[in-house]
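Below is one structure; the comments refer to it alone.
The values are calculated or read from the model by the stated rules, or taken from the named source; none is laboratory data. Keep in mind the model is a prediction, meaning the values are calculated, not measured. Please note: Cβ atoms are built from the backbone with ideal geometry, for glycine as well, and neighbour counts cover all protein chains shown. Protein only, heavy atoms only, side chains kept; ligands, DNA and RNA dropped before computing areas. Shrake-Rupley method; radii C 1.70, N 1.55, O 1.52, S 1.80 Å.
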Amino acid sequence: MTISVALVDDEGMIRAGLRMVLSGEPGIEVVGEAADGVEALDLVARTRPDVVLIDVRMPRMDGLEASRRLVRDHPDSKVIVLTTFDEDAHVAAALRAGVSGFLLKVAPPEDLVEAVRTVAAGGGLLDPAVTLRVIAAFAGQPDPSRTVSRAAELDKLTGRETDVLRLLAQGLTNVQIAARLHLGEATVKTHLSRVLMKLDLTTRVQAVVFAYESGLVRPGESR
């Protein structure tokens, strides 16, 4: 099955580079490009891509507003926000909007390809280079009413599921979680699937956001 991808960035050179990397990969097809959020909404409505790679800073409509609308109106088109090291607050807003992940613009080509495949398959993407900084940025300004409602939902989880969610939010991979809890990697994946189902979430990204907003994990906690 071919993965269709839409590229959204106001810099033509960036779009050209992304297209060059992705077009050379088997099973991936770039179906269109847009230079701002307004064009992105039209492009996605016409082409229905599996994955949208979108920049944050763009004219007319920025990537955050466009992402919010895409997640709301086209849930089958998964959104990956392209970011730089100085955009933590923007990415925090994108995570709250429900995007499937974010990736540094300077990420190696192989990471870009893997990100597209992961998100297209229903997974979430948290770039390890910025994950904890980003989560800490938005968790440092919690919404008290949201924290109370989120905390109550934690009661739906078993003790082991809670442990897995906590370690995921602290930045550990499935393999690292398995080692920490003395479980098999397949068992960890099963626990994560149950966490997502019970909390009515769809991606690992949303699970990390939930963990911080519920107070289960706090900024600066040690792994």
**Study point:** Accessible-area ranking of 197, 61, 13, largest first, probe 1.4 Å
**Key:** 13, 197, 61
Review point. Once both labels are modelled 7 Å past Cα along the beta-carbon direction, what's the residue 47-residue 180 spacing in nm?
Key: 3.8
**Study point:** Heavy-atom accessible area order for 156, 105, largest first, 1.4 Å probe
**Key:** 156, 105
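Ranked by accessible surface with a 1.4 Å probe, highest first, in what order do 55, 76, 10 come?
On the way: 55 10, 76 130, 10 70 Å².
Ranking 55, 76, 10 by accessible area, largest first, yields 76, 10, 55.
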Practice item. Compute the accessible area per residue over segment 1-122, keeping the other protein chains in place, probe 1.4 Å, unit Å². Key: 45
Exercise for review: Please report, as a whole percent, how much of the solvent-accessible surface of segment 2-74 comes from carbon and sulfur atoms (probe radius 1.4 Å).
Suggested key: 50
Check your understanding: Where the accessible area of segment 162-223 is counted over protein heavy atoms with a 1.4 Å probe, how much of it, in %, is carbon and sulfur?
Key -> 50
Check your understanding: How much accessible area does residue 200 have with a 1.4 Å probe, in Å² rounded to the nearest 10?
Key -> 140
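Order of 28-37, 15-24 by packing, highest average Cβ count within 10 Å first?
Numbers: 28-37: 19.1, 15-24: 15.3.
In descending order of packing, they fall as 28-37, 15-24.
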